[in-house]
Amino acid sequence: MDKTKCGHQWEMVNTRSGFIITEICHKCSLITTYFSSEEHPPLEEYRDGEHFWNVMSSSQSVQFDLRCRLCKTQVSFDELSALMLCTSCKKDCKVFELLERGQGHSVWVYVAFGFKPYKDKRQLTGEKLGILEDYFNMKRKSTKSSIKIVSHELIYDEDSCMGGFIMDEFLLSLDAPANK
Amino acid sequence: MPVTAKYIVEVKRIQEILNAKTWVSNISDSDYITGIYASDLMSDVLAYGKPGSMLLTGLYSVQAIISAYMAEFRGVAFIRNKTPEEETLKFAREKGMFVLSTASDMYDACIKLAGLETVIPEEAPEAEKIHKSDNLTTYTFKIDGNDFASAGMVSTRVKAILKSIGYEPEIIRRAAISIYEAEMNVVMHARKAEVTLTASDKEIYIIVIDEGKGIGDIDLAMQEGYSTATEEQRALGFGAGMGLPNIKKNADKLDINSVVDVGTRIEITFHIK
Amino acid sequence: MKLKDIIGSLSLNVLTNLDDKEVTGVYISDMLSDVMSNAKAGNLWVTIQTHKNIVAAANLIDISAVIVTQGTRVPEETIDLANRYNVIIISTNDSTFALSGKLYQIGIK
Amino acid sequence: MKYYHSHVIIQERCSGTLNCLRACPSRALRYRGGKIIYYSDLCVDCGACIDACPENVFLPVIDEITDFDKFEYKIVIPSHTLYTQFGANIHPGHIHQALLNIGFDAVHEISKHAYELSYVVSETLKSETLKKPIISNFCPALIRLIQVSYPNLVDLVSPFDVSRELAAKEAKINYSKELGLSMDKIGVIFISPCPAMVVSIKQPAEKEKSWIDGAIAIKDIYNRILPEIMKLQNDKTEIARQKFFYYGRSWGELGFILRHMDPEHTISVAGIDSVKMIMDDIEDSRLKNVDYIEAFTCPQGCIGGTYCVENPYISRHTAIMLVKKFGQPPERDDNEINRKIKNNYYKLDEKVVPRKTRLMESDISTSIKKMKQKQRILTKLPNKNCGLCGAPTCETFAADCAWGDADLTDCIFLRSGSH
């Protein structure tokens with residue numbers, strides 16, 4: 001079968017549970033994020049080249065691949081750390097612009113975040129974002145709305161992002177996130 | 001009609017029904033659990049889980065077993081064939097808990113186990129409802145008769161708890177005064193007593209049950225200035241005969257039951273507005 | 001099965017706007033990442049999570065409704081967001097386990 | 001609300017001795033992930049951490065003398081406590097002269113105002129309808145303690161401004177008139193015995209803004225004025241008896257506010273644990289016939305402050321000797337004071353209000369849920385208070401877990417199951 005012509009039907013395979021760990025170097029304030037299948041992040045500060053890493057947070061999460069039922073093409077999404085539903089924001093942000101444009105047509109914008117530091121790590125390609133978007137839209141039954149997945153690169157200021165993250169940061173903590 | 005579920009199931013039945021793999025057993029054939037709590041959120045396990053239950057969870061962190069232990073659960077069953085970590089198993093072995101895993105997902109596991117539930121309809125008296133609700137916390141304290149040196153300790157601790165919960169200062173003040181007076185009564189007139197504080201979003205409820213000489217005439221004891229304190233006690237500034245009247249003045253509800261030469265039971269209630 | 005029938009027969013509290021949807025199956029989890037990877041469109045999602053992030057997950061998967069158990073108070077913020085995204089949030093005082101039994105009894109497999 | 005605090009934490013200096021955790025009476029400190037965690041909402045600025053840390057991790061935030069060069073005219077108000085730091089043979093006049101020698105333009109004495117204030121309070125206490133006992137607001141750490149732990153008592157806090165503020169107000173107004181300078185060109189600097197008073201100047205609990213422009217620690221100024229004092233002693237300099245040199249009868253030790261009041265209906269207490277006992281008694285209405293309470297969180301009163309140099313017991317002795325040798329009551333014009341009372345000259349603009357802490361939930365049900373979790377956790381903890389989890393006690397650890405700030409696995413006893 002010609003894979004380029006296949007009208008892919010994606011399914012989620014090879015799901016792996018683990019933790020998204022965020023660390024900060026207290027010397028240069030650089031932040032790094034990575035996926036680990038080990039529950040316990042390094043407790044003590046450790047040195048890696050010129051950086052001194054300290055754990056900031058760890059959230060339970062999953063990694064997965066998408067595979068086409070028809071042509072068996074398998075795409076890994078190891079570059080994806082989390083999806084965030086954009087809800088409201090400053091006007092200058094391109095993602096919010098997209099959201100405002102889409103609202104009337106019920107297009108909901110999700111931002112796919114990669115792992116930090118963004119410039120040093122492989123990030124999701126536009127093609128992969130498209131596949132992910134197709135997968136979720138196909139999975140959805142609703143005809144009234146659809147979703148759009150965009151890269152974190154469109155965000156104006158990540159630190160002020162107030163969207164809804166699909167990650168499980170607070171499961172282990174005894175404080176229910178509702179009260180945060 | 002209020003319905004309470006009675007759930008008593010042998011652990012080996014659970015194993016069979018869920019077709020579960022046993023990682024740590026620590027259980028005899030006749031061991032049973034009295035409830036099932038299905039959750040991935042450990043804060044709720046601690047807040048609402050009932051002792052004797054089993055935790056059904058998809059959270060495979062070691063926190064799961066620790067939270068189950070804190071909530072006095074008998075064991076944990078992991079769903080979706082999760083392989084528990086060695087640390088979890090070690091903890092379970094040390095604390096005498098069981099660890100199972102099943103291929104079912106949460107809904108599947110729940111409905112299989114739900115069939116075992118014996119549902120007994122039960123008329124719950126209105127008064128007991130609040131004490132059966134999840135929104136309360138209970139503390140017990142002991143008081144020794146004649147221990148003037150420690151008098152006031154219970155009141156201080158109760159006050160600290162009420163403050164942490166965040167009740168209005170006014171109600172805390174009234175509760176503190178009432179408990180202090182009740183405490184003094186025990187110290188002066190009884191051998192020992194147990195104080196139980198139940199705090200909820202609807203009321204603060206305090207029971208003081210003492211073993212002692214009891215109150216012969218409650219109406220008389222409720223009169224300001226009436227006192228059976230000894231001369232020595234009065235010389236020290238105690239026993240002005242204001243104890244019970246003062247509680248009545250401060251409490252929203254006061255119930256006294258007493259049997260001479262056996263003891264007294266005082267129930268003090270404060271309503272939260 | 002229709003959502004309105006389920007709400008009616010189990011007398012659940014609807015916290016958001018309600019339009020009737022077809023319910024297919026139940027998914028129980030308090031982990032958003034788990035819901036994202038395992039729940040199916042049309043599922044009833046049973047959880048005790050109340051953070052606004054549940055709206056992001058429910059909308060992504062096109063969940064028919066979220067049922068919050070244990071009478072947990074759902075923050076305004078979550079309800080507002082759910083209304084914006086047509087996500088339905090329902091609440092019950094039952095525990096997750098007790099509710100599953102009832103859902104099964106009324107015939108949701 | 002962002003609270004101003006008396007110290008900054010220099011994390012790099014900390015090797016994890018845990019001394020501060022145990023010393024902190026408000027349980028505001030934790031040690032997690034190699035760092036000190038500071039719950040500033042619980043902090044009462046008592047300075048115990050500054051004293052307890054052998055590595056100087058807690059750096060007091062305090063002004064330097066050069067910070068005041070921007071003012072055209074600098075008036076210094078020494079805390080009573082300063083006079084007790086040099087021994088009983090040093091006349092307070094020499095201390096004043098030494099302060100002038102190092103560059104201040106004027107010294108304004110505080111004890112006149114303390115004396116005046118005690119009269120104001122005594123007059124007020126005669127009122128039958130007043131809610132009693134009145135709690136002295138002299139010690140700012142006590143005010144923070146009441147705001148955080150005894151919210152029911154805020155109404156009892158003295159409604160009058162404290163002597164150091166009254167002194168600053170008078171100095172600023174008078175000098176401004178005398179010199180023809182606008183008030184913002186006149187700097188009033190307080191010499192403080194403790195971090196709490198510094199905070200009360202930077203962020204007063206009961207008014208918009210302090211009359212004082214800045215504060216210097218006694219220990220910082222000590223080394224500057226000591227050589228000057230020694231020089232004055234050697235030269236046998238006559239003490240200039242300028243008109244603002246009043247020698248009050250008291251110097252900041254426990255009991256000094258009460259000197260001028262009726263001892264039958266007053267209680268004096270110092271040291272944070274003892275203060276808490278008294279506050280508990282007030283809450284339970286257990287103190288009968290007490291009209292006024294003077295309380296200090298430092299042991300022995302202000303002479304036990306973190307910024308003092310001398311041992312408080314020696315300071316106490318010095319204080320007694322100073323009163324005996326040089327003490328003379330300042331003149332007091334009761335009619336003038338009565339007039340000012342009528343004009344609300346002494347009254348504070350705002351009331352002290354309770355402070356919300358991180359442990360207070362918005363609704364009772366959530367609170368109860370948390371308390372229940374805490375209680376359940378606590379029963380499973382070893383109650384050894386070892387501090388290895390990074391919390392000072394098992395109880396604080398249980399609360400931290402319930403409020404989501406700590407992980408159960410931080411407890412080494414829970415992990416290894418060795419109890």
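No value in this document is a laboratory result; all are computed from the given coordinates. Worth saying up front: this structure is predicted, and the values here are computed from it rather than measured. Glycine also receives a Cβ, built like all others from the backbone with ideal geometry; neighbour counts cover every protein chain displayed.
For the set D:132/D:351; B:21/B:95; A:119/D:35; B:142/D:384; C:4/C:102, the pairs lying more than 24 angstrom apart at their alpha carbons are A:119/D:35. For residue B:23, the amide hydrogen comes within under 5 Å of the amide hydrogens of B:99, B:100, B:101, counting only partners 5 or more places away or on other chains and with H modelled in the peptide plane.
Less than 5 angstrom separates the built amide H of residue D:192 from those of D:216, D:217, D:218, all sequence-distant by 5 or more or on a different chain. Counting neighbouring beta carbons within 10 Å and listing from fewest to most, the residues D:82, D:18, D:226 come out as D:226, D:18, D:82.
Spatially, region A:112-137 and region D:30-103 are offset by 55 Å when compared through their Cα centroids.
Extending 7 Å from the Cα toward the beta-carbon at both residue B:269 and residue C:20 defines two label points whose distance is 4.5 nm. Residues whose amide H comes within less than 5 Å of that of residue C:43, counting only those at least five positions distant or on another chain, are C:24, C:64 (H built at 1.01 Å from N in the peptide plane).
Applying 0.36 nm per residue to the separation of residue A:6 and residue A:50 and subtracting their alpha-carbon distance, the gain on full extension is 11.1 nm.
Straight Cα distances below 18 angstrom link residue D:177 to the lysines D:74, D:169, D:185, D:243, with same-chain residues fewer than 8 positions distant left out.
Across peptide C:40-51, the mean count of Cβ atoms from other chains lying within 10 Å of each residue's own Cβ comes to 5. Other residues lying with their Cβ under 11 Å from the Cβ of residue B:255 contribute a combined charge of +2, Lys and Arg counting +1, Asp and Glu -1. Helix A:94-103 sits at what angle to the longest principal axis of chain A, using alpha carbons and giving 0 to 90 degrees rounded to 10? Helix A:94-103 sits roughly 40 degrees off the main axis of chain A.
Dividing the summed helix terms, -39500 (n - 2.57) for each DSSP H run of n ≥ 4, by the number of residues in chain C produces a 222 nm estimate of -10500 deg cm²/dmol to the nearest 500. Summarising the label geometry, the points placed 7 Å from Cα in the beta-carbon direction at residue D:351 and residue A:92 lie 4.5 nm from one another.
Taking every C-alpha pair closer than 8 Å and separated by at least 6 residues, the mean separation divided by the residue count of chain C gives a relative contact order of 30 percent.
With +1 on the Cβ of every Lys and Arg and -1 on the Cβ of every Asp and Glu, and nothing else charged, how large is the dipole of chain D about its Cα centre, in debye rounded to the nearest 20?
That gives a dipole near 860 debye.
Each helix, a run of at least 4 DSSP H residues, gives -39500 (n - 2.57); summed and divided by the residues of chain D, these come to -11000 deg cm²/dmol at 222 nm. Here's the picture: charge each Lys and Arg Cβ at +1 and each Asp and Glu Cβ at -1 in chain D, and of D:97, D:171, D:399 the one pushed furthest to the positive end of that dipole is D:399.
Result for chain A in a Gaussian network model with C-alpha springs under 10 Å: among A:118, A:34, A:46, the largest mean-square fluctuation is at A:46. With 0.36 nm allotted per residue and the present C-alpha distance subtracted, the residue D:385-residue D:17 stretch has 131.0 nm of extension available.
Relative contact order of chain B: 15 percent, from C-alpha pairs under 8 Å at least 6 residues apart in sequence. For the options A:148, A:90, A:128, a Gaussian network treatment of chain A with springs between C-alpha atoms closer than 10 Å singles out A:90 as fluctuating the most. Roughly what angle does helix B:169-189 make with the longest principal axis of chain B, taking Cα atoms, 0 to 90 degrees, to the nearest 10? With both axes taken from Cα atoms, the answer is about 70 degrees.
How do A:127, D:128, D:72, A:133 rank when sorted from fewest to most other Cβ atoms within 10 Å of their own Cβ? With the fewest neighbours first, A:127, D:128, D:72, A:133 line up as D:128, A:127, D:72, A:133. One Cα centroid belongs to region B:247-262, the other to region A:74-91; the line between them spans 63 Å. Over chain D, Cα pairs under 8 Å with separation of 6+ residues give a relative contact order of 22 percent. Each label was represented as a point 7 Å from its Cα along the Cα-to-Cβ direction; for residue D:223 and residue A:16 these points are 5.9 nm apart.
By the rule of a C-alpha distance below 17 Å, with chain neighbours fewer than 8 residues away ignored, the lysines paired with residue A:148 are A:94, A:128, A:139. Look at the dipole of region B:126-271 built from charges on Cβ: of B:220, B:158, B:266, the Cα furthest out on the positive end belongs to B:158. Counting only alpha carbon atoms, the long axis of helix B:153-165 and the longest principal axis of chain B meet at about 50°.
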